[in-house]
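Engineer: The structure is given below, and queries will be raised subsequently.
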Amino acid sequence: MSMEKKLKRSFESLFYPGKVAVFGSVKEKKIGNQVITQMLNGNFKGEIFAVNPKGEKPEGYPSIPGMPDINEVQGGIDLAIITVPARFVAETLEKCGSGGVPIAVVLSSGFSEVGNIEGERRITEVSREFGIRVIGPNCAGIMNTKSSLFASIEVKALPGSTGFITQSGAVGGAVLAMAENRGIGFSKFVSYGNRADIGELELLEYLADDEDTDVIAMYIESIDRGFEFLRIAGSAAQKKPFILIKSGRSGSGMRAASSHTGSMAGADAVFDVAFKQLGIIRAAGIEEMLDLCDGFNHLPRLSGRDIAIITNSGGPGILTADRAEEFGLSVPEPGLKLKSRLRSFLSENCSLGNPVDLTVEGSGLNFKRAIDAMIEDKYSGVIAINVATPFLDSLELARGITGAGRGLKVKKPVAAVFMAGEIVEEAVEFLKQNNVPVFPTGERAAFVFSKLFEYYSHKHRAKETEEAGEKELPLTAPVLEPEAAAFLKEHDFPVPECIHIKSKDELEHRAGDLSFPLVMKVVSPEIIHKSDSGGVVLNIESMNRLRDVYPEIERKFSDRGFRGVLLYEQILKGVETIVGMKRDPLFGPVIIAGAGGVLAELIRDISIRIAPVDKLDAEEMISALKINKLLSGFRGGPECNRKALAELIVMLSQLSLEYPSLLEIDLNPVFVSEKDVVIADVRIIVE
């Protein structure tokens, strides 16, 4: 049996077990007893066995058999839930593996989270040696609402179609409790803890093909298999919405290299870009994740940016419109024909802009009519806001909203915002029962709509990149600028003519091959930022000036690894940009583009992508920059060759994939003019 088939069989045993053995003390208030209580309260249809040295039955449940050994169970055990102290976990797993148990969930703590690395390593060894797959240790258990399996110490999940994977059991418990208050359900729940064996990638791959799961949600703190994550997560996001909380935004970061490119590509920024490129929807926290789960489970595709806001109170409508536009949506005013239609059934007191304000006189019927009118027109979706008072019948308004759009051939998303408290509880429940998602504020509804548009737009985009075969790099460390420039020139990068001068005599014989004015740059493995060190001289207009400058540079850097100078023909015009690459230890080549020259670190105007980067990616990177206005002809200035800059970005992406030994490339500045792009400085770091 292949490993893939074995893992699939293990997951079937995990989520659809017939016989479950709970290992550990089953006395009242012990974890083993809590797990059994949860399973029984959840109406688990299979058999449960309590396994402990004395063969004790769980307190309060005399019908559950107690036994000292799983070998006494006829037909074998499908799933083991282990709650024994940490020192007994490996031994218990060995017994399970010998007994043919395919998978175990280890709730026991006391491993790497408290420094017990050896104990956790032993779990991994036993898993491999005895062929038993393991979830945990230090986890909160698993649930499958479809099979009424609640083998966990957390709040019982409501039934639904979101599969939730969490590295943290505490976060998992908080999500389940908050979801219960909002009526949001789950298909499956897995807390995988310390990831001694099975982790987020195996679970993600399973849920991507799970028929009971329509949306995947995940909480993670770390990723240790970056390339596999890109492959599996990208595939999952193409199949169904994948919502992710990745913690550690501010506390983590890659060790920044000394060049511009390295210092600007921080760890969380790389995570953020990787997720966007894969089509993963990143949530900042639990509430945002639950909003997204609710929206993606109940709302159809948002096909365009234009949305309508219909409200019975002006203020919340305006706040929603503001946030919608901040998120990249559009809230355009209705045309004359649509306004005429709205006026035919709305009172003169109503505002017919967008938001459409029905005022407190707005009835359920008018909510329905207004929603229908907007979605039958140009609008791709509607946010309906009810700011209730004790004198309004919120249930009647809810009935009107649920009836909207039902006769349309093309379904468009309609979300509700009912504010707030006890006076809208009955109406909110009615909306949920009719599969209309309800958000606490219009701003949060607008956020979900923006992610609906982003996700479905990304899902249907084809990537246009070439396959890159890996090559042996003809450079060795340290790479000096003359070698770096020659390497790029061989690969058709726009590097200007340059000459490496190693002595004053050589200067006399070779400098005449270039046209003045010239730029002289020191060549040394010890000098990274040449301009900051005084190692760059501009505007050299004559041979006499060249003769004067060379000895000055030689004297200044004689004790700093002086290897001569590099002469370039001076580039006279263009917008200074930076294009670079840093190889991330998890995700591989990270490509950056931004404001270059002295502005590179001053204003930190950059955009980044994970390779491979195609032409559309590159154009989006440029468009996201503040200096894009300069490149596009700011205040009557010349329009620069953005196409050539985009091609350079794509070329760098391809080069970084062809040569895995390239760790960092810094092209700064790159001058972009009306006609072309020219690389004025290059730095390469290799393994």
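Every read-out reported here was derived from the displayed coordinates using simple, explicitly stated rules and does not represent laboratory data. Because the structure is predicted, anything quoted here is derived from the model rather than measured. Cβ placement follows ideal geometry from the backbone for every residue including glycine, while neighbour counts extend to all protein chains displayed.
Engineer: Need the C-alpha centroid separation for segment 480-513 versus segment 387-459, integer Å.
Structural biologist: Centre-to-centre (Cα) distance: 66 Å.
Engineer: I've got another one for you. Separation between the VAL686 and ARG128 pseudo-spin-labels, each 7 Å from Cα along Cα→Cβ, expressed in nm?
Structural biologist: Here the modelled spin labels are 3.4 nm apart.
Engineer: Okay, next question. Subtract the Cα-Cα distance of GLU647 and TYR61 from 0.36 nm times their separation in residues, and report this length gain in nm to one decimal. Intermediate values should be presented prior to the final figure.
Structural biologist: Values: separation 586, 0.36 × 586 = 210.96 nm, distance 6.99 nm.
Fully extending the segment from GLU647 to TYR61 adds 204.0 nm.
Engineer: Hey, another quick one. Classify the chain from the C-alpha gyration tensor, please: rounded if a/c falls under 1.5, else prolate or oblate depending on whether a/b exceeds b/c. Kindly include the intermediate steps, with their values, before the conclusion.
Structural biologist: Values: a/c = 3.15, a/b = 1.36, b/c = 2.32.
Here the chain falls in the oblate category.
Engineer: Packing-wise, with mean Cβ within 10 Å as the measure, how do 523-531, 102-110, 610-618 rank, highest first? Can you show the working numbers first?
Structural biologist: Details: 523-531: 16.8, 102-110: 25.2, 610-618: 21.3.
By packing density, highest mean first, the sequence is 102-110, 610-618, 523-531.
Engineer: Next up: Of HIS529, LEU663, HIS500, whose Cα points farthest to the positive end of the dipole of the chain (charges on the beta-carbon: +1 Lys, Arg; -1 Asp, Glu; origin at the Cα centre)?
Structural biologist: It is LEU663, whose Cα lies furthest towards the positive end.
Engineer: On a C-alpha basis, how far is the centre of segment 154-223 from the centre of segment 520-586 in Å? Whole number, if you could?
Structural biologist: Distance between centres, Cα-based: 55 Å.
Engineer: Assuming R0 = 60 Å, can you tell me the calculated FRET efficiency for the pair SER148 and ARG560, based on Cβ-Cβ distance, to the nearest 0.05?
Structural biologist: Details: r = 73 Å, r/R0 = 1.21.
About 0.25, to the nearest 0.05.
Engineer: While we're here: Using only helices, what value at 222 nm comes out for the chain when you add -39,500 (n - 2.57) per DSSP H run of length 4 or more and divide by the total residues, to the nearest 500 deg cm²/dmol? Walk me through the intermediate numbers first.
Structural biologist: Values: 23 runs with 250 residues, N = 687.
Theoretical 222 nm ellipticity from helices: -11000 deg cm²/dmol.
Engineer: Taking Cα pairs under 8 Å and at least six residues apart, what relative contact order does segment 3-291 come out at, in percent? Could the numbers behind the result be given before it?
Structural biologist: Working: 603 pairs, mean separation 38.8, N = 289.
Dividing the mean separation by the residue count of segment 3-291 yields 13 percent.
Engineer: For segment 497-569, list log₁₀ I(q)/I(0) at each q in 0.18, 0.19 Å⁻¹, using the Debye formula over Cα point scatterers of equal strength and ignoring solvent, two decimals each.
Structural biologist: Ignoring solvent entirely, the Cα scatterers give -0.61, -0.68.
Engineer: Can you compute the modelled spin-label distance between LEU538 and ARG343, with each label point 7 Å from Cα toward Cβ, in nm?
Structural biologist: Inter-label distance under the simple model: 6.1 nm.
Engineer: Describe numerically, in nm with one decimal, the distance between label points set 7 Å from Cα along Cα→Cβ at GLN238 and at LYS675.
Structural biologist: Result: 4.3 nm between the two label points.
Engineer: Let me ask something else. Which percentage, to the nearest 5, of the DSSP beta bridges contained in the chain is antiparallel?
Structural biologist: On the way: 49 of 100 bridges.
Restricted to the chain, the bridges split so that about 50 percent are antiparallel.
Engineer: More than 21 angstrom separation, counting every C-alpha pair in segment 1-110; what % is that? Intermediate results must be reported in sequence, preceding the final value.
Structural biologist: Details: 1826 of 5995 pairs.
Of all Cα-Cα distances in segment 1-110, 30 percent exceed 21 Å.
Engineer: When the dipole is taken about the Cα centre of the chain, and only Lys, Arg (+1) and Asp, Glu (-1) are charged at their Cβ, what size is it in debye, to the nearest 20? Mind showing how you got there, number by number?
Structural biologist: Numbers: 78 positive and 94 negative charges, 244 e Å.
It comes to approximately 1180 debye.
Engineer: Separation of segment 601-661 and segment 55-106 by C-alpha centroid, Å?
Structural biologist: Between the Cα centre of segment 601-661 and that of segment 55-106, the gap is 58 Å.
Engineer: For a test of the definition: using alpha carbon positions, the gyration tensor, and the 1.5 limit on a/c, classify segment 299-459 as rounded, prolate or oblate.
Structural biologist: Numbers: a/c = 1.42, a/b = 1.15, b/c = 1.23.
It is rounded, given that a/c, with a ≥ b ≥ c, falls under 1.5.
Engineer: Sorted from fewest to most neighbouring beta carbons within 10 Å, what does the list ARG301, ARG121, ARG87 look like?
Structural biologist: Numbers: ARG301 17, ARG121 14, ARG87 11.
Ascending Cβ contact count within 10 Å gives the list ARG87, ARG121, ARG301.
Engineer: Also: Give the shape of segment 86-245 as rounded, prolate or oblate, defined through the alpha-carbon gyration tensor: a ≥ b ≥ c are the square roots of its eigenvalues, a/c under 1.5 means rounded, and otherwise the shape is prolate if a/b is larger than b/c and oblate if not.
Structural biologist: Numbers: a/c = 1.71, a/b = 1.46, b/c = 1.17.
Here segment 86-245 falls in the prolate category.
Engineer: May I ask you to sort LEU566, LEU93 by Cβ crowding, counting other Cβ atoms within 10 Å and putting the fewest first?
Structural biologist: On the way: LEU566 21, LEU93 29.
Ascending number of Cβ neighbours within 10 Å: LEU566, LEU93.
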